[in-house]
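**Student:** After the structure tokens below, expect a handful of questions from me.
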Amino acid sequence: MGNERTGELVQGTLDMLILRTLARGPNHGWGIAQHIERVSAEVLRVEEGSLYPALRRLEVGGLVAAEWGVSENNRRARLYRLTPRGRRRLESELERWDVLVAAIARVLETA
Amino acid sequence: MRSRLLALLRRLALLPRRDRLDRDLEEELRFHLDMSTEAARAGGAGEEEARRTARLRLGSPSLILEDSRAVLGFPRAEALLRDLSLAGRRLRRAPGFTAASVVTLALGIGASSALFALVDAGLRRPLPYPAPERLVSLVETRGASRGAVAPANLADYRVPAFESLAAWHSVEADLSGEGAPETLFGQAVTAEFFAVLGVGPVRGRPFLPAEDREGAERVVIVSDGLWRTAFGSDPGLVGRAIRLDREAHRVVGILPAGFVPPGALGSTRPVSILLPAAFPAALLANRGDHETNVIARLRAGAGVEAARAQIRAVSDRLAADFPDTNGGQSAHVVPLAEDVTRNVRGSLLLLLAAVGAVLAIACLNVANLQMVRALGRRRELAVSAALGASQGRLATGLLVESLLLAGLGGVAGLALAHVLLAGLKALAPVATPRLETAALDARVLGFAVLATVATGLLFGLLPARQAAHARPAESLGTGERQHSSRAVLRWRGALLTVEVALALALMTGAALMVRSVARLNAVELGFETARVVAAQVNLPAAHYPDGARRLAFFEELEQRLAGRPGVESFAFSNRMPLRGGWTTGVLTENDVARPPGEAGETDAQAVSLGYFRTLGIPILRGRSLEPADREGAPYVAVVNEDFARALFPGQEVLGKRVRRGEKAPWITVVGIAASLRRDGRAADLRPQMYLPAAQTSIYPVRLGDLAIRGTGDPSALVALLRREVAALDPEQPVSRVMTLDDALARDLGPRRFGLALLAGFALLALVLTVVGIYGVAAYSVSQRVPELGVRLALGADRSRIVRLVVGDVLGRLALGIALGVVLSLLATRALRGMLFGVAPTDPGTFAAALVVLTLASLAAALRPALRATRIDPVAALRWE
């Protein structure tokens, strides 16, 4: 499928953001996108064309589970939640991210 | 790795839920759209504007759905399935092309698979013995001629390279005392025979060395088949004695079912018994007496080369030590598998090469057809490309179509191969080894699959390449690339020339064979074969020591059979017609045309009184043989017209005298019989001399053949015969039983096979050529559409257009036909041995083949030509 870019995000990073968002609690697709946009102060805009395939991928991979429920404004919505597996994956991804960021920073610092 | 496998399994498990997930997503997207609209409205936009913004923001829902769906899919497999179904639909829309291609491929793949099965069984399948690659044959040769081995040399041939060595030769023995006596076919083998082959009796034991000696107790090992049919699978057979050649032989072993010794691998006569070779001392002392065949097993670690060298050294030494018997002779070692197939390897491989060529031509033909089709589809492909299909995808799609086509051809071809193989097995000459094992087994199927895939790729590559290189803009816009299509046309024209030449040669050959067989069938034999059953009664010398005793047996048999129900007449002789016969020289007496003392040659037979009547041979002048013509009475003979013409031209032959040699008694000619061809339809009319059986003790002939002409079922006659022979001598078997009609059919056998093969190839070649012509004609028409359009617009007659197209095609054929005639003239010479009554260069046959080919070509070119007349001139003119 190749690397798709979301704003400037790489596919794997989007997965991580979604998982982190769901770590706060179950949410639907719209909610996840809104959260990421809001918290990043509109820097990161999630394209729906990437979001839903990513969600499907996570669901198929067993990292999230989905159920039909009710949204905050009483609409029927499909709510995603993090599975234990997903939680474990999130942790390892966050670790790797930290390592990655530190490494990049070091490279950028050294002249 | 494991996690990937788990992931794959999870995906597979979720596959059935895919549709529901998609529906969920649809609803999700609607929800998303609503929420997005609300958010926009909250920002102050109106209902419609908010909705539009939301929709723009969302993008294409169908794209999202597709991408999501692809997560859970197997994109490559699904794409392949889609390609297949598309290919299927495309093929169905062009039934003409599809049918032509499938038929062509079926013929090519079917024929080559059938022949491969034959060749595989004959040449490549390993011999049915353990470690067959270690088995070799040993032959003695003098110059270029190969011969049997002298048993006296056997001991010297035991070289270190051999683990074991044995000798075998064919024998016949009469079995009696178990139901009706019968003549069995078998082999005499030395004691090590089973050690060499690595196969031994499944009950009982092999021969002991002590039994393989002159004068030892007579023992025998029987085959599984004989054990079942003659001894009813009696478990107590081992240890019992049976009567072979009227002597008791103790059965010491029974062979495994399906066992065939090497010498009998190509034969239809089953080996029923094995006897110890027990070479007599006299034979073992004479190094010049070549009587047997030798096989050996190589020691582990020793190669054929080492054995060859060692045997060479031995034979050189023997040649030096025994120049009288072994001088100029050398011995060779040949791998057994090679040796068994030596007679047919050449022709089988040639056949395989020929049929391989046919397959190649079939592929090229189909490639041509596909190219014609591809031309017509260029716009469709261009549109696909413009819509975003990658060149790779287009090429893959076309390749899939080719493989599908090849697959259909392959399946049809296998069905055809099944039929062809049955036909080949029925008609093939007996000498094809392991013929009965030829079948469409795993290896042959593997070959067929390989051939199918290879052909599919081969003829699919060209159109696929063309498609991959197509530039959409060009195809969608203006017209053809003239230069490349001209090159293609020339190339295809060359191929067609070759095809036409080959087809014409094959058709001419087949036509010649057809005429030969027809002529042969029309030949007058000169004697009757209908309702005549012939059989052989081989009286053993031990019990019938002289001619008089044998004569007495047959005359008594004649009396017993006379007047029995169903028996019209009975005859005995040395040999009945179509079963061999005696030829001798005769000297004439005081002859003007032939100097006295010079011998003429004639066919001769010792016949009973009933001979002429049984075989329907008319006596034209003089008298037939009479009861008074016995030993002691004057020697007489009946001769035929050819005899008279050859030995007494222009004279009255009745009353003339001849004799077999200077010291032989004079024989007077008393009657003249009609001409006949004793040895079959293809034989010449030869001089025949009929001597009374009762007067032939002095000649080197033995009475042994008899014939019954009767009414009703031949098997009833045979049963009657067996009963009467048994009544006279209970241990005497009746052998070589067959109707003369069957003997006649067998005579025709090799020619029939040759005809079937040639006709098959000719038909194949013709079909391929016709398909090829159709392709070229269609292509050429498509090239000339603008020109033809102009002609039509200018008022050309439709029939003129047809003539133009057809004439163009025929013009291209002319070279092929010319080449074909030359090729035929050369090739039909190879048929000379098989032809009958028609010369290899018979102009009538050549003309007939030519006419058929031309008519077929015309028919093939007609359809494209008619289509050419339907060209809309306006559209054609626009199509620059």
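The values are calculated or read from the model by the stated rules, or taken from the named source; none is laboratory data. None of these values were measured; they are calculated from a predicted model. Please note: Cβ atoms are built from the backbone with ideal geometry, for glycine as well, and neighbour counts cover all protein chains shown. Areas reflect the complete protein model, heavy atoms only, side chains present, ligands, DNA and RNA absent. Shrake-Rupley method; radii C 1.70, N 1.55, O 1.52, S 1.80 Å.
**Student:** Pop out the ³J(HN,Hα) list for the range A:38-45 in order, Karplus 6.51 cos²θ - 1.76 cosθ + 1.60 with θ = phi - 60°, rounded to Hz; leave Gly and Pro as x.
**Tutor:** 5, 5, 8, 6, 6, 5, 9, 10
**Student:** While we're here: Taking H placed 1.01 Å from N in the peptide plane, check which residues at least 5 places from residue B:604 or on another chain put their amide H under 5 Å from its amide H.
**Tutor:** B:582, B:583, B:584, B:689
**Student:** Something else: Nearest 5 percent is fine: what portion of the DSSP beta bridges confined to the range B:559-659 is antiparallel?
**Tutor:** On the way: 9 of 10 bridges.
If I count the DSSP bridges inside the range B:559-659, around 90 percent turn out antiparallel.
**Student:** Go through the range B:779-880 and name the trypsin sites (Lys or Arg not before Pro) that are in a DSSP coil and have 10 or fewer other Cβ atoms within 10 Å of their Cβ.
**Tutor:** Those satisfying the criteria are B:832, B:870.
**Student:** Explain nothing, just the number: dipole magnitude of the protein assembly as shown about its Cα centre with +1 on each Lys and Arg Cβ and -1 on each Asp and Glu Cβ, in debye rounded to the nearest 20.
**Tutor:** 3120 debye
**Student:** Next question. Using the Cα centre of the range B:234-390 as origin and beta-carbon charges of +1 (Lys, Arg) and -1 (Asp, Glu), tell me which of B:303, B:370, B:278 is placed farthest towards the positive end of the dipole.
**Tutor:** B:370
**Student:** What does the charge add up to near residue B:407, with Lys and Arg as +1, Asp and Glu as -1, over the other residues with Cβ less than 15 Å from its Cβ?
**Tutor:** 0
**Student:** Another question, if that's okay. If you stretched the chain out fully between residue B:47 and residue B:427, how much longer would it get, using 0.36 nm times the residue separation minus the C-alpha to C-alpha distance?
**Tutor:** The span from residue B:47 to residue B:427 would gain 128.0 nm if fully extended.
**Student:** Please work out whether the range B:164-204 counts as rounded, prolate or oblate from its C-alpha gyration tensor, where a ≥ b ≥ c are the square roots of the eigenvalues and a/c under 1.5 means rounded, while otherwise a/b larger than b/c means prolate and anything else oblate?
**Tutor:** Oblate shape, in that a/c is at least 1.5 and b/c is the bigger or equal ratio.
**Student:** For n ≥ 4 DSSP H runs only, could you compute -39500 (n - 2.57) per run for the protein assembly as shown, divide by its residues and tell me the 222 nm figure to the nearest 500?
**Tutor:** -17500 deg cm²/dmol
**Student:** While we're looking at this one, here's another question. To the nearest 10 square angstrom, what accessible area does residue B:544 show with a 1.4 Å probe?
**Tutor:** 10 Å²
**Student:** Taking the 0 to 90 degree range and rounding to the nearest ten, how far is the long axis of helix B:345-376 tilted relative to the main principal axis of chain B, both from C-alpha atoms?
**Tutor:** For helix B:345-376, the angle is close to 20 degrees.
**Student:** Now for a separate question. Amide H of residue B:680 versus every other amide H placed in the peptide plane: which residues, excluding those fewer than 5 positions away on the same chain, fall under 5 Å?
**Tutor:** Result for residue B:680 returns B:578.
**Student:** Still on this structure: Determine how large the accessible area of residue B:58 is when every protein chain is in place; take a 1.4 Å probe and give Å² rounded to the nearest 10.
**Tutor:** Looks like 10 Å² after rounding.
**Student:** Right, here's the next one. Working from Cα positions, state the angle (0 to 90°, nearest 10) between the long axis of helix B:442-469 and the longest principal axis of chain B.
**Tutor:** That helix lies at roughly 40 degrees to the long axis.
**Student:** Still on this model: Taking the full set of protein chains and a 1.4 angstrom probe, give the accessible area of residue B:787 in square angstrom, rounded to the nearest 10.
**Tutor:** The accessible area comes out at roughly 70 Å².
**Student:** Using alpha-carbon positions, what is the distance between the centroids of the range B:537-570 and the range B:262-300, in Å?
**Tutor:** Here the answer is 35 Å between Cα centres.
**Student:** Karplus couplings for the range B:45-60 from phi (6.51 cos²θ - 1.76 cosθ + 1.60, θ = phi - 60°), rounded to Hz, Gly and Pro as x?
**Tutor:** Values, residue by residue: 7, x, 4, 5, 5, 4, 4, 5, 4, 4, 5, 4, 5, 5, x, 8 Hz.
**Student:** What is chain B's relative contact order, in percent, from Cα pairs under 8 angstrom and six or more apart in sequence?
**Tutor:** Reported as a whole number, the value is 15 percent.
**Student:** Let me have the relative contact order for chain A, percent, based on Cα pairs under 8 Å that are six or more residues apart.
**Tutor:** It rounds to 27 percent for chain A.
**Student:** Shifting gears a bit: Counting protein heavy atoms only and a 1.4 angstrom probe, how many square angstrom of accessible surface do chains A and B bury in total, to the nearest 100?
**Tutor:** The A and B chains share an interface burying roughly 2500 Å².
**Student:** Moving on to the next point. Residue farthest toward the positive end of the dipole of the range B:734-880, with Cβ of Lys/Arg at +1 and Asp/Glu at -1: which of B:818, B:795, B:833?
**Tutor:** Farthest towards the positive pole: B:795.
**Student:** Using the crude model of +1 on Lys and Arg Cβ and -1 on Asp and Glu Cβ, and no other charge, please compute the dipole size for chain B relative to its Cα centre, in debye to 20.
**Tutor:** On the way: 103 positive and 83 negative charges, 717 e Å.
Roughly 3440 debye for chain B.
**Student:** Hey, another quick one. Top to bottom by accessible area (1.4 Å), largest first, where do B:247, A:93 land?
**Tutor:** Accessible-area ranking of B:247, A:93, largest first: B:247, A:93.
**Student:** Share of antiparallel DSSP beta bridges in the protein assembly as shown, in percent to the nearest 5?
**Tutor:** If I count the DSSP bridges inside the protein assembly as shown, around 80 percent turn out antiparallel.
**Student:** Would you please give the residues with an amide H less than 5 Å from that of residue B:205, counting only those at least 5 places away or on a separate chain, with H modeled from the backbone geometry?
**Tutor:** When sequence neighbours closer than 5 places are left aside, the close amide H contacts are B:253, B:254.
**Student:** Taking Cα centroids, how far is the range B:751-773 from the range B:660-716 in Å?
**Tutor:** Each part reduced to its Cα centre gives a spacing of 43 Å.
**Student:** Relative to the longest principal Cα axis of chain B, at what angle does helix B:75-93 sit, 0 to 90 degrees, rounded to 10?
**Tutor:** So the inclination is approximately 70 degrees.
**Student:** Here is a follow-up. In whole Hz, with x marking every Gly and Pro, tabulate ³J(HN,Hα) for the range B:860-873 from phi via Karplus 6.51 cos²θ - 1.76 cosθ + 1.60, θ = phi - 60°.
**Tutor:** Whole-Hz 3J(HN,Hα) from phi for the range B:860-873: 5, 7, 5, 4, x, 5, 5, 5, 4, 5, 8, 5, 7, x.
**Student:** At 1.4 Å probe radius, can you tell me the per residue accessible area of chain B in Å²?
**Tutor:** 46 Å²
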